[in-house]
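Trainee: Before we start, here is the structure in question, set down as structure tokens.
The values are calculated or read from the model by the stated rules, or taken from the named source; none is laboratory data. Just so it is clear, the structure is predicted and the values come from calculations on it, not from any experiment. Cβ placement follows ideal geometry from the backbone for every residue including glycine, while neighbour counts extend to all protein chains displayed.
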Amino acid sequence: MIAKDEGRFQCMLPWLLLGAGMVVAVLAYWPGLSGPFMFDDVASIKNNQYLQVDELTPENIKHAAFSHKTGPLYRPIPIASFLLNTHFFGSDAFSFKAANLGIHLFNGLLIFILSRILLGFVLGRAAKTAGLSAALIAVLWLVHPINLTSVLYVVQRMASLSALFVLLAMIAYIKARLAWSSSQKQHALAWFSLMAAAALAGIFSKENALLLPFYFFLIEWFFLGYDYQQKQRVGNLYPAVIIWLVVPVVVGGMALLFMGTMGGYETRSFDMVERLLTQGRAIFYYIGLILLPRPGEFSLFHDDFGVSRGLFSPITTLFSVVGILGVIYWALRMHVRQPMASFGILFFFAAHLMESTFLPLELIYEHRNYLASFGLIFAVVGSVSMASANVRKKGVLVLSVFVVFFVVLTHGRAYSWQDVNRLSMTMVHNHPESSRANYQAARVFQALAKNSFISKSSKHEYQQLAIDHLLRAAETNTRKASPLLGIMLTQGMERRARERQMVANLLDGTGEKSVPLNIPSYVDKELRRRLGQEKPSLLDSGLLKQLSECERRKDCVFESGKIDELLGIFMNNPGLGEKTVHKAKLLEEFALRAYEQGDMQKAQGLIAQAVDIAPNYGLIRINGAVIMASGGDYERAMEYIQGILSVPLPDPIRAMAEKVLKGVEERKARAERLNETKEKPAIESKG
């Protein structure tokens, strides 16, 4: 009886450890769950009006799922999940982050199951070590600080959901292959069906799931195709090579050529060769963050990571390339003697084949390691599990210390993510050469300066700190105009405040003076150069609109004609393109400026150009209808509104369009009645 109870406990122990690890993971992440939406969360979720629906209908789900193009396939599944989040739990950020944490915990469960299966091929399916090692792998992965952005940065649900379906597909594939080899054809077909469904769901969550064939090949090569008890290969590996390597590479290569995916380098500050060289260093940077994480290295922004301009520039590029080739060579050579380490290493590199090779993406993001980190953790723990009993005990002790270390780091990061100001200042402290971190720090000080309860000296101090960080951002990235536009915005608001202070001084008779901000004289000239010559960004066009809107609201003061001049310079930038939504939005802003200045003919001409470029953009058509109606062109105004009412729209936009249409119809009716009144005397006089 005692032996039976002990055996049951041994079976339950891995599950108990996994459960304890999940509880610890929740506690580690808990501070960050109360944080607000961050950065891209605002555009994708908070301001996405397709997520604000009264009824959850198939049509509304479809429109929401494809409302935000974040990839070539739109990634509709995570976007649709945001709609469900909003509908059932409201728009508070806590529910979104809690859902992300739930997905993360479920992924930890899948990693435990997958690891237990894979370890069983080598250690024996009944081996106690396999279950405990699988639990340790899952717990280390669950609490690892590199995975934090995929949990607390809500939009990265795309990465975590994709990983969920990829893990499910791998488990289903193994189950299907084992059932097929045991002549259980019906079970095998059911598992294959689940595998296919999970793979499709993964692809429509994030395109990284297209790497599944490479994972399947590694599973075939290391586990399904080799008997570690008999120490011999089972079956023929060539079909797996053809199905999971050759065919995907050929089809994927043709798809890339057909889709023109490689054309994105014109908006980057590096070419394909430079990106490939840089990724060699990036891979080793990732390995360091996974195996020996340093608290000061983690950040949402890593734009301070220098580009490799050649194999020797910097020299670490050469070392990285040679190192990667050496590690891969070792993994290939040792695939029988050290299968755990070899599989984990090759899995890590396979997981980076899409985002860390030749595609014109940004250089570094931590969330790219969400699934890849499993490979290295599996390699380490798996190698320890194959060692002698004495080495295994020491290894488990060391890894247990790492669990505690990871929990402390993750909890510290989660605390920073509790508040956007704290997070921004932490990032700029850890990465002072990051242009984006400095820009974000400047936004923090700009927001603090708007607080009406602080003293004038504190307001001036915050504004100057914002300027200093923006100058640093401009110095560390000499191509982007956004930091200089941020300086101009801060200066414009400060000038408006000084004007108000002067009026107040005159009214109350005080002589209090405000001190102007310290801004270098070169900023204005450099801003013109960057707006006209450097590759334009979405942030640049957005800030230009913000400057113009600030002036139109009378919240900013600029030199007369300055905004119109800058808009003109940017509009003539050859990199902006002739038929882009961003150009349409700038034309719309030009039109609104002309409208407020009373130049109706100019306003109508500009808004007509904007509508021609972006005919399906609702807000442009609504503003166009108002401008056209104000100029007496009621037919064009009604055409603009009716054109967007005939297509799917978010409920708030539709309500706005219907209100404007009603107003246009009323104005048209009044104008017609007025014309009839004017014409009547002329008609009567003829009688």
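Trainee: Before we move on, is SER435 farther than 23 Å from VAL336 by Cα and either of a type in the set (Ser, Thr, Tyr) or more than 29 Å from the chain's Cα centre (by Cα) (or both)?
Mentor: yes
Trainee: Right, another one. Tell me, please, whether a residue that is assigned to a helix (DSSP H, G or I), on the phi < 0 side of the Ramachandran plot, under 31 Å from the mean Cα position of the chain (by Cα) and not polar (S, T, N, Q) can be found in region 493-516.
Mentor: yes
Trainee: For LEU567, which of the numbered conditions (1) over 30 Å from GLU499 (Cα atoms); (2) buried (at least 17 other Cβ atoms within 10 Å of the Cβ); (3) under 29 Å from the mean Cα position of the chain (by Cα) fails to hold?
Mentor: (1)
Trainee: Tell me, please, whether a residue that is outside any helix (DSSP H, G or I) and either in contact with a Lys or Arg (Cβ under 8 Å, 6 or more places away or on another chain) or among the acidic types (Asp, Glu) (or both) can be found in region 567-585. First the steps, then the outcome.
Mentor: Initially, region 567-585 is screened for residues outside any helix (DSSP H, G or I), giving 572-573, 577-580.
Pick out the ones that are also either in contact with a Lys or Arg (Cβ under 8 Å, 6 or more places away or on another chain) or among the acidic types (Asp, Glu) (or both) and you get 577-578.
Yes, the conditions are met somewhere in region 567-585.
Trainee: Might you let me know whether region 109-131 holds any residue that is crowded, with 24+ Cβ neighbours inside 10 Å, under 21 Å from the mean Cα position of the chain (by Cα) and of a type in the set (Phe, Trp, Tyr)?
Mentor: No; the residues of region 109-131 include none that is crowded, with 24+ Cβ neighbours inside 10 Å, under 21 Å from the mean Cα position of the chain (by Cα) and of a type in the set (Phe, Trp, Tyr).
Trainee: Go through (1) more than 25 Å from LEU489 (Cα to Cα); (2) buried (at least 17 other Cβ atoms within 10 Å of the Cβ); (3) at pLDDT below 95 and name the single condition VAL391 misses.
Mentor: Against the list (1) more than 25 Å from LEU489 (Cα to Cα); (2) buried (at least 17 other Cβ atoms within 10 Å of the Cβ); (3) at pLDDT below 95, VAL391 comes up short only on (2).
Trainee: Testing ARG8 on (1) out of contact with any Ser or Thr (no Cβ under 7 Å at 6 or more places or on another chain); (2) in the same structural domain as LEU200 (by TED's automatic domain parsing); (3) farther than 22 Å from PHE374 by Cβ, one condition comes back false. Which one is that?
Mentor: Every condition holds for ARG8 apart from (2).
Trainee: Can you find a residue that is out of contact with any Phe, Trp or Tyr (no Cβ under 6 Å at 6 or more places or on another chain), part of a loop (DSSP other than H, G, I, E, B) and among the charged types (D, E, K, R) anywhere in region 125-141?
Mentor: Taking every residue of region 125-141 in turn, at least one turns out to be out of contact with any Phe, Trp or Tyr (no Cβ under 6 Å at 6 or more places or on another chain), part of a loop (DSSP other than H, G, I, E, B) and among the charged types (D, E, K, R).
Trainee: Consider SER548 against the criteria (1) buried (at least 19 other Cβ atoms within 10 Å of the Cβ); (2) more than 25 Å from ALA594 (Cβ to Cβ): it satisfies all of them except one. Which criterion is unmet?
Mentor: Status for SER548: all satisfied but (2).
Trainee: Name the helices (runs of 4 or more DSSP H) wholly inside region 179-295 in which the number of residues that are free of Cβ contacts under 8 Å to residues at least 24 places away in the same chain and surrounded by 16 or more Cβ atoms within 10 Å (Cβ to Cβ) is 2 or more.
Mentor: Correct list: 185-203.
Trainee: So for region 420-427 (the condition being touching a residue at least 12 places away in the same chain (Cβ under 8 Å), out of contact with any His (no Cβ under 7 Å at 6 or more places or on another chain) and within 22 Å of LEU291 (Cβ to Cβ)), does at least one residue qualify?
Mentor: no
Trainee: I'm trying to understand the selection: among the residues of region 438-478, which are in contact with a His (Cβ under 8 Å, 6 or more places away or on another chain) and among the aromatic types (Phe, Trp, Tyr)?
Mentor: Correct list: TYR439, PHE445.
Trainee: Of all residues in region 341-388, which are touching a residue at least 60 places away in the same chain (Cβ under 8 Å), crowded, with 21+ Cβ neighbours inside 10 Å and among the small types (Gly, Ala, Ser)?
Mentor: Correct list: SER342, ALA351, SER356, ALA372, SER373, GLY382, SER385.
Trainee: May I ask you to verify whether VAL26 is out of contact with any strand residue (DSSP E or B) (no Cβ under 6 Å at 6 or more places or on another chain), outside the structural domain of ARG654 (by TED's automatic domain parsing), touching a residue at least 60 places away in the same chain (Cβ under 8 Å) and assigned to a helix (DSSP H, G or I)?
Mentor: So VAL26 fits the description; yes.
Trainee: Kindly provide the set of residues from region 623-645 that are free of Cβ contacts under 8 Å to residues at least 12 places away in the same chain and either in a loop (DSSP other than H, G, I, E, B) or under 38 Å from the mean Cα position of the chain (by Cα) (or both), ordered by number.
Mentor: Across region 623-645, the qualifying residue is only GLU639.
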